[in-house]
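The values are calculated or read from the model by the stated rules, or taken from the named source; none is laboratory data. These numbers come from a predicted model, not from an experiment. Neighbour counts are summed over all protein chains in view; Cβ atoms, including those assigned to glycine, are modelled from backbone coordinates with ideal geometry. All accessible areas refer to the heavy atoms of the entire protein, side chains included, with ligands and DNA or RNA removed. Shrake-Rupley method; radii C 1.70, N 1.55, O 1.52, S 1.80 Å.
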Amino acid sequence: MSSFPEKEIGNPEQLYRAIKPLKFLWNYKLNRPTSAIFHDKNGVSVDRLGDKSEDQLLADYSQRFKEDSGVLRITAGKCREIQTHPVPKPSKSNVNHAEIHDSQSQVLIASEKRDLLARSVEIMKIPDIQD
Amino acid sequence: MTQQLVINSTKYIDAYEKRIERLNASTIYSSVSISYLTSLNANVQNTFDDISFLRNVQSVLINEVASVNQDFEDFRKLFDEQSVTPFDKTKIEEAQKLKLNIYRLSEIRKLADNWDGYNAKPLDTKLIDLCIELISSHELDYQPDIYPTLDGNIQFEYEPSKDRYLELQISQHCFTFFQKINRKVIKGTTTDWSNIVRLIDELFS
C-alpha cells in the first residue's frame, strides 16, 4: 500500500530513472548517459521514492525493465541548480511518477541544460549493454 | 714331433687370425673413412647448393622489393588523385566509423514503440534516410556519435575533448546546434548543412 508523496519535491529528494541496456542510450566513450535521453517534449519521466526504500525501487526497476538495466539518480536541488524544473506527476499506475521540465513554462529541456543533466546525474548502476 | 707340429700350427693359426682381425679393423676404418669422406663431399655439395639457393632467394627478394615499391608508388598516386594522404589514419578511421554509423542507423530504424520503456516513439524512416545522407556527405570529415531522442528525433554528438562539445538535433527541416568550446557557448538553428560542417571543423581545429 503506497501513499502519495509530498506534493512539492524538496531539494534533498532524489529522483530516479532506469536506463534499458541499449547502446542508443549510453555513451560508451565517456561511460555516461547520452543527453538525448533528456530530449522529450512530453517531459522527462523520473520516479520519486515515496514510501519505498531505494532497494525496493531498484527491485521494481529490475522487474519493470530488465535486470541488466542501469539506474541514474539526481537530487531535485541539483535539477534546480542547473535551472530545470522537477514536477510531481502522479498517475494511477505510479503515484511516485514525476517529470523534469525545462522551466515552469516550457517542457522540452534546452540543449545546454540536457548536457548538464547528462554530466550531473549519479550513476547508481551501469547498464549491462551487449552488442 | 706331432705335438710340435700342433704347437706350430696353433701359433700359425693365431698369427693368421690376428692378421685377419687387423685386416678387418682396417677395412672397418676404411669403410668409416670412405663414408665420412662421402658425407663431407655431400656437405660441400650442399654448401654449393645452399649458395645457389641463397642467390635465388636474393634474386627473388630483389624482385619482391621492386614489386612492393611499385605497389607503394601506385598506392601513393591513387591517394594523391583523391587528395588523401596515404598514412592519414584519421581518414581511414572515419571511413570505418561511417560504416558503423550506417549500421547503427539501420538498427535505429527498427526501434518499435516504447523502445526505452518510457514510451519513446519510433523514428521516422525519412529522418533516418536524411541522416545517412548527411553522414555520407563528402564535406563531412568527422563522424558523429548518433543517438535517437525519446520523442522521435536524431541527435548527433561530438566530444573530441573534455571542453569541446557539439550537439546537433537533426530534423527534416532544420538543424539545431549547441556548441561549447572552453565554456564559450554558441547555439542556434540553421537549414544550411555547410554551416554545421563549419562548426564541426572548428570543434576539431
Note to self, chain A gives a 222 nm [θ] from helices alone (DSSP H runs n ≥ 4, -39500 (n - 2.57) apiece, / all residues, nearest 500) of -6000 deg cm²/dmol
Taking a virtual spin label 7 Å from the Cα of A:GLU122 along the C-beta vector, which residues in segment A:19-60 bring their backbone nitrogen under 12 Å of it? A:54
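Partner chain Cβ atoms within 10 Å, averaged over the residues of B:159-168 - can you pull that number for me?
Partner Cβ neighbours, averaged per residue: 2.
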Determine the gain in length on full extension of the stretch B:SER161-B:LYS187; use 0.36 nm per residue of separation and subtract their C-alpha separation, reporting nm with one decimal. 7.5 nm
Any idea how far apart B:HIS138 and A:SER103 come out in nm if each label point goes 7 Å out from Cα toward Cβ? 4.4
Averaged over its residues, how many other protein chain Cβ atoms are within 10 Å of peptide B:142-153's Cβ atoms? 5
At a probe radius of 1.4 Å, figure out the B/A buried accessible area, summed over both chains, and give it in Å² to the nearest 100. 2400
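For segment A:10-131, give the percent of accessible area contributed by carbon and sulfur heavy atoms, probe 1.4 Å, rounded to a whole number. Could the numbers behind the result be given before it?
Working: 2690 of 5680 Å².
Carbon and sulfur: 47 percent of the exposed surface of segment A:10-131.
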When the Cα atoms of segment B:91-205 are enclosed in a convex hull and the volume is divided per residue, what value in Å³ results? 109
What lysines could a cross-link reach from B:LYS126, if we take a straight Cα to Cα line under 21 Å and drop same-chain neighbours fewer than 8 places away? A:LYS41, B:LYS99, B:LYS110
Under the 7 Å Cα-to-Cβ spin-label approximation, B:ASN119 and A:GLN130 lie apart by a distance in nanometres of 3.1
Run the Debye formula on the Cα coordinates of segment B:102-168, all scatterers equal and no solvent, and tell me log10 I(q)/I(0) at q = 0.18, 0.22, 0.24 1/Å. -0.71, -0.95, -1.06
Using a simple spin-label model with points 7 Å from Cα along the Cα→Cβ vector, what separation in nm is obtained for A:ALA59 and A:ASN94? 1.9
Packing-based ranking, highest mean first, of A:51-61, A:8-18 given that Cβ atoms within 10 Å are counted: A:8-18, A:51-61
The correct pair for segment A:52-131, radius of gyration to one decimal and Dmax as a whole number, both in Å and from Cα atoms, is 14.1, 40
When you look at the Cβ of every residue in A:17-27, what mean number of other chain Cβ atoms sits within 10 Å? 4
